[in-house]
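Before any comments, here is the structure.
Every number here is computed from the coordinates shown, using simple stated rules; none is lab data. As the structure is a computational prediction, the values presented were derived from the model and not from experiment. Don't worry about glycine lacking a Cβ; one is built from the backbone with ideal geometry, like all the others, and counts go over all protein chains shown.
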Amino acid sequence: MSLDLWLEIETPPMEIEPSDAIFVRRDGKTVEISRAEWDRLHPGDDPVAISRDPTNVYGDNITHNVTKMAIEADLYFLWHPDEHGINHASEMIPKLRVGIKKLKDNPDHMKTFNPSNGWGNYEDLLRFAEGVLDACELNPEAKVRTWA
């Protein structure tokens, strides 16, 4: 299971061009692979094509296996932003900065919360939080949506 988080705007900024990107789940996260890698892993099968909603300006997910670390870094609000009065991206920016600082200031301690099954780790949570922060700073008026 994972936390899916996306930012949504009311009006898309422009027409979105079709993409040949292929995304798969690997080690508890979504990663992009090439068509050649897809064909090697799934000979004779075509990937499923999904249309992207142009009002979604950002989306990412992270495994639930890092929730203990997220709690320790004060980032668990990302799992349930509405319970913390967060509706828009701008409202997450200060909390994200605090959580990222806690992660970066204490990497050895935070890594003690790495899950033993290998699905998710310190680097994944840091990458996720920094990506969300970047997207929030670019789209401060976007609505925050999650599926946990």
Here the FRET efficiency for residue 90 versus residue 40, based on Cβ atoms and R0 = 35 Å and rounded to 0.05, is 0.20
Give the shape of the chain as rounded, prolate or oblate, defined through the alpha-carbon gyration tensor: a ≥ b ≥ c are the square roots of its eigenvalues, a/c under 1.5 means rounded, and otherwise the shape is prolate if a/b is larger than b/c and oblate if not.
-> oblate
Want the number for residue 68 to residue 143: 0.36 nm per residue separation, take away the alpha-carbon distance, what's left?
-> 24.4 nm
Taking a point 7 angstrom from the Cα of residue 27 along the C-beta vector, which residues in region 111-135 have backbone N less than 18 Å away?
-> 111-131
Treat each spin label as a single point 7 Å out from the Cα along the C-beta direction, and report the residue 134 to residue 83 distance in nm.
-> 2.9
Ranked from highest to lowest mean number of other Cβ atoms within 10 Å per residue, what is the order of the peptides 112-121, 62-71?
-> 62-71, 112-121
Long-range share for region 77-148, i.e. C-alpha pairs more than 20 Å apart as a percent of all pairs, stands at 33
